[in-house]
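The values are calculated or read from the model by the stated rules, or taken from the named source; none is laboratory data. Values in this document were obtained by computation on a predicted structure and should not be read as measured data. Virtual Cβ from ideal backbone geometry, glycine too; neighbours counted across all protein chains shown.
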Amino acid sequence: MPSLDLYYWTTPNGHKITILLEEAGLPYNLHPININKGEQLTPEFLSISPNNRIPALVDPSPNDEDKSLSLFESGAILEYLADKTGLFLPTSGAKRYNVLQWLYWQMGGLGPMAGQNHHFSHYAPEKIPYAVNRYVNETSRLYSVLDKQLSEKLFITGEYSIADIASYPWIRSYEKQGQNLDNFPNVKSWFERISARPAVIKAYEKAETINSSASVTEAGKAILFGQKS
């Protein structure tokens, strides 16, 4: 199988894809896109990711196409790779849609709310208590939703799936989000279970070789938070 090309940076959305690639044992080339330096704004990257966000994936040999396929949006990439490999997503029926609804829960809820939490708590030039409290509290609510879902399950939908792979990298920053996993015991057990998976460990080890610092420079903030049309 030809190697996939993953355009990536060390963010939760980037980690989702490296985890799945490692779990599935797929060959891939990792192309770092340093979002703190504006590399996501180059014409070359925009040709495969028009929303100027990582990750993006290029498959030179799709299952049902002769030409290469490029994809952006982490949820779409996870769904595509799961279908390509037949792993971590049921092929049909209620079980498939159960996984997909939790994937979309992460994409539409946990990710955006935790992302705003990060921004207003750590990166905004001025602390706005209303905004900080709004997003810390909403993140807490979403952790409670997940904790309830995991009350009788080892993984979000019972079996390990792309719903877990999508959610885990966002939970990994729980301290940064003002959350205490002791308040969410089912989430804590799930988090520890996934953290111990060899593929997850390998994905984060690769991230360390690319970017060992989670800090964002002032120049990086200007790029990341100052974009307009």
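Can you list residue pairs whose Cβ atoms sit under 9 Å apart, with the first residue in the stretch 69-90 being among the polar types (S, T, N, Q) and the second being assigned to a loop (DSSP other than H, G, I, E, B) and modelled with pLDDT of 95 or more? Count only pairs 6 or more apart in sequence or on different chains.
Ser70/Ser47; Ser70/Ile48; Ser70/Ser49; Ser74/Arg53; Ser74/Ile54; Ser74/Pro55; Thr85/Gly25; Thr85/Leu26
Tell me which residues, restricted to the stretch 127-164, are of a type in the set (A, V, I, L, M), surrounded by fewer than 18 Cβ atoms within 10 Å (Cβ to Cβ) and not in a loop (DSSP other than H, G, I, E, B).
Result: Ala131, Val145.
Out of Leu20, Leu26, Leu78, Leu57, report the one residue that is on the phi < 0 side of the Ramachandran plot, part of a loop (DSSP other than H, G, I, E, B) and in contact with a Leu (Cβ under 7 Å, 6 or more places away or on another chain).
On inspection, the qualifying residue turns out to be Leu26.
When both residues are 6+ apart or on different chains and their Cβ atoms are under 8 Å apart, which pairs have a first residue that lies in the stretch 203-214 and is hydroxyl-bearing (Ser, Thr, Tyr), and a second that is surrounded by 16 or more Cβ atoms within 10 Å (Cβ to Cβ) and in a helix (DSSP H, G or I)?
Tyr204/His15
Tell me which residues, restricted to the stretch 39-51, are in a loop (DSSP other than H, G, I, E, B) and surrounded by fewer than 17 Cβ atoms within 10 Å (Cβ to Cβ).
Thr42, Ser47, Ile48, Pro50, Asn51 - these are the residues of the stretch 39-51 that are in a loop (DSSP other than H, G, I, E, B) and surrounded by fewer than 17 Cβ atoms within 10 Å (Cβ to Cβ).
Given the conditions (1) touching a Leu at 6+ places or on another chain (Cβ under 9 Å); (2) free of Cβ contacts under 8 Å to residues at least 40 places away in the same chain, and given that Asp182 satisfies all but one, which numbered condition is not satisfied?
Only one criterion in (1) touching a Leu at 6+ places or on another chain (Cβ under 9 Å); (2) free of Cβ contacts under 8 Å to residues at least 40 places away in the same chain is unmet by Asp182, namely (1).
Which of the residues that make up the stretch 1-29 are aliphatic (A, V, I, L, M) and surrounded by 18 or more Cβ atoms within 10 Å (Cβ to Cβ)?
The answer is Leu4, Leu6, Ile17, Ile19, Leu20, Leu21.
Quick one: Trp105 ticks every box in (1) assigned to a helix (DSSP H, G or I); (2) over 18 Å from the mean Cα position of the chain (by Cα) except a single one, so which number is it?
Here Trp105 clears every test but (2).
Restricting to the stretch 57-100, and then to whatever is out of contact with any Asp or Glu (no Cβ under 9 Å at 6 or more places or on another chain) and of a type in the set (Phe, Trp, Tyr), can you tell me which residue is farthest from Ala24 (Cα to Cα)?
Checked the stretch 57-100; the qualifying residue farthest from Ala24 (Cα to Cα) is Tyr97.
If you check Leu69, Leu78, Leu100, Leu46, which single one turns out to be of a type in the set (A, V, I, L, M) and outside the structural domain of Glu23 (by TED's automatic domain parsing)?
Residue meeting the stated conditions: Leu100.
Could you tell me which of the residues Phe72, Phe45, Phe88 is aromatic (Phe, Trp, Tyr) and more than 21 Å from Tyr168 (Cα to Cα)?
Within the list Phe72, Phe45, Phe88, the selection yields Phe45.
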